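Working notes, beginning with the structure itself.
The values are calculated or read from the model by the stated rules, or taken from the named source; none is laboratory data. Keep in mind that this is a model prediction, so the values were computed, not measured. Cβ atoms come from the backbone with ideal geometry, glycine included; neighbour counts cover every protein chain shown.
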Amino acid sequence: MRHLNEKPKIPVILGPTAAGKTAVGIAAAEAMNGEIVSADSRQIYRGMTIGTAKPSKGALGRVRHHLIDILEPDELFSAGEFVRRAMAAIEDIASRGKLPIVVGGAGLYIRALTRGIFNGESSDADFRTELQCQYEQGGSEDLLAQLRRIDPEYAGKVHLNDKKKLVRALEIYHTTGMTITELNRVQGDGWIEPISIGLELPRETLYERINQRVKAMIEAGLIEEVESLRSKGYGRDLNSINSPGYVEVYDYLDGNIGYDEIIELIKRNTRRYAKRQITWFRKEEGVRWVDVSKGYDDVAGEVIGYIKENLIFDM
C-alpha cells in the first residue's frame, strides 16, 4: 500500500450505534455520486446480518458498499488490515470518478485511517509470549527470517540478538496487519484528510432508538441467525461474536439465561457500547457534530452541504 504524499480529502460520517449513519451516508452518496466504505468492525463478517444492522438489500442496491461481508466469523481483522482495504476501496472508487464516503462507528478503524496507528494500540500478550518462547528455544533466526519476509527494511536494522525489537516488530504486524516501516510513515499522520461529520442525539432519544432496534432484531430473527452461526461451528469465544446482540443469544442458547432476559440484556449492553463510542468520538478533533433529532431531511441536507463546502477532491 503506497503512502499518499497529498492525502485525499474524504467525507467520514461517524457516530454511535443507532444514530442513523447508514441512512445519512446513503443520502450523501446518492446526492454526490458516491460509494460507501464501511467502517464497522462487525459488518465485515458474513452470516452476521441482523445483529450488526447491515444495510438492507434495497439500500445495498441503491448505493454500492465496500468492506461488508468480506470475511468469515472466525477470521481475524485488524485496524491495519482495515486501513489497507479501505485505501484500496477509496482509490478504486475515485478511479471511477465517484466520491468515497467512509461511514461507520468503529472508532479505532476510523482513527487508524485518519490519524494513523499508534504502537500503544497494537498488542497481543499471548502472541508475544509465544514469540518469546520461540526465541528462547533457539528460534531467533527463524523469527528474523519472518521479519525479513514482511519488512526487509526494518529487518536490516534489527540484530539477531535483539529479542525485544524482533518480537515487537512481529507482534505489531500480527495485530495491525502493518509493518514497522509502514507504521513509521503514518503514526500521528493518517492516510486521508477527513471531512468528519458526527451524528448525535440526546442520550434518552438515542437509548430509545436502541431499544426499538433491539426489539426489531429479535422479531427479524436474531436468535435464528445465532443458531445458524452455532451450527457452522462458530463459538462464542470468537472476537466477531463477542459483541452486543450475539453474546447474549449465545448465553440463552447455552441455557445460561431465559428468553425474557435476552432483550433487556442486549438493550443494556448496546447502550453501554454506544456510551463508549460517544466517549471515543468526542476525543476526535475536527468533527462537525449534527443533531439528528431535528429530522432526517434537515440532517441529510446539512451533511451534504457541509461536505460540498469542504470538499476539494483530488486523488
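Tell me which of these A89 doesn't satisfy, since it passes every other one: (1) outside the structural domain of A300 (by TED's automatic domain parsing); (2) closer than 28 Å to S196 by Cα.
A89 satisfies all of (1) outside the structural domain of A300 (by TED's automatic domain parsing); (2) closer than 28 Å to S196 by Cα except (1).
Keeping to the stretch 19-45, report how many residues are in a loop (DSSP other than H, G, I, E, B), within 22 Å of N239 (Cβ to Cβ) and not polar (S, T, N, Q). Quick ask: steps written out before the conclusion?
We begin by selecting, within the stretch 19-45, every residue in a loop (DSSP other than H, G, I, E, B); these are 19-20, 32-33, 39-44.
Adding the requirement that they be within 22 Å of N239 (Cβ to Cβ) leaves 39-44.
After this cut, where a residue has to be not polar (S, T, N, Q) as well, the list is 39-40, 42, 44.
Within the stretch 19-45, residues that are in a loop (DSSP other than H, G, I, E, B), within 22 Å of N239 (Cβ to Cβ) and not polar (S, T, N, Q) number 4.
Are any residues in the stretch 273-315 touching a residue at least 40 places away in the same chain (Cβ under 8 Å) and of a type in the set (V, I, T), and if so, which ones?
Matches in the stretch 273-315: I278, V287, V290, V292, V299, V303, I304, I307, I312.
Quick check: anything in the stretch 101-120 of a type in the set (S, T, Y), within 24 Å of D237 (Cα to Cα) and buried (at least 22 other Cβ atoms within 10 Å of the Cβ)?
Scanning the stretch 101-120, I find at least one residue that is of a type in the set (S, T, Y), within 24 Å of D237 (Cα to Cα) and buried (at least 22 other Cβ atoms within 10 Å of the Cβ), so the answer is yes.
Can you tell me which residue among L238, L265, L206, L229 is hydrophobic (A, V, I, L, M, F, W, C), part of a helix (DSSP H, G or I) and over 30 Å from K294 (Cα atoms)?
Numbers: L238 fails: part of a helix (DSSP H, G or I); L265 fails: over 30 Å from K294 (Cα atoms); L206 fails: over 30 Å from K294 (Cα atoms).
The match here is L229.
Hey, among the residues in the stretch 246-258 that are in contact with an Asp or Glu (Cβ under 9 Å, 6 or more places away or on another chain) and part of a loop (DSSP other than H, G, I, E, B), which one's nearest to T52 (Cα to Cα)?
Here the answer is Y246.
Is it the case that the stretch 66-88 has a residue that's touching a residue at least 12 places away in the same chain (Cβ under 8 Å), over 21 Å from N239 (Cβ atoms) and part of a loop (DSSP other than H, G, I, E, B)?
no
Among the listed residues I36, I68, identify the single one that is surrounded by fewer than 20 Cβ atoms within 10 Å (Cβ to Cβ) and either polar (S, T, N, Q) or touching a Pro at 6+ places or on another chain (Cβ under 9 Å) (or both).
None of the other options fit; the residue is I68.
For the stretch 223-240, give me each residue that is hydrophobic (A, V, I, L, M, F, W, C) and in contact with a helix residue (DSSP H, G or I) (Cβ under 6 Å, 6 or more places away or on another chain).
Keep residues of the stretch 223-240 that are hydrophobic (A, V, I, L, M, F, W, C), which gives 223, 226, 229, 238.
Selection gives I223, V226.
Does the stretch 101-122 contain any residue that is more than 26 Å from R282 (Cβ to Cβ), in contact (Cβ under 8 Å) with a residue 60 or more places away in the chain and of a type outside the set (V, I, T)?
no
May I ask you to say which residue of V249, V214 is hydrophobic (A, V, I, L, M, F, W, C), more than 29 Å from I13 (Cα to Cα) and out of contact with any strand residue (DSSP E or B) (no Cβ under 9 Å at 6 or more places or on another chain)? Talk me through it step by step, then tell me what you get.
On the way: V214 fails: more than 29 Å from I13 (Cα to Cα).
The match here is V249.
Which one of these does S243 not meet: (1) outside any helix (DSSP H, G or I); (2) modelled with pLDDT of 95 or more; (3) among the hydroxyl-bearing types (S, T, Y)?
With respect to (1) outside any helix (DSSP H, G or I); (2) modelled with pLDDT of 95 or more; (3) among the hydroxyl-bearing types (S, T, Y), S243 is out only on (2).
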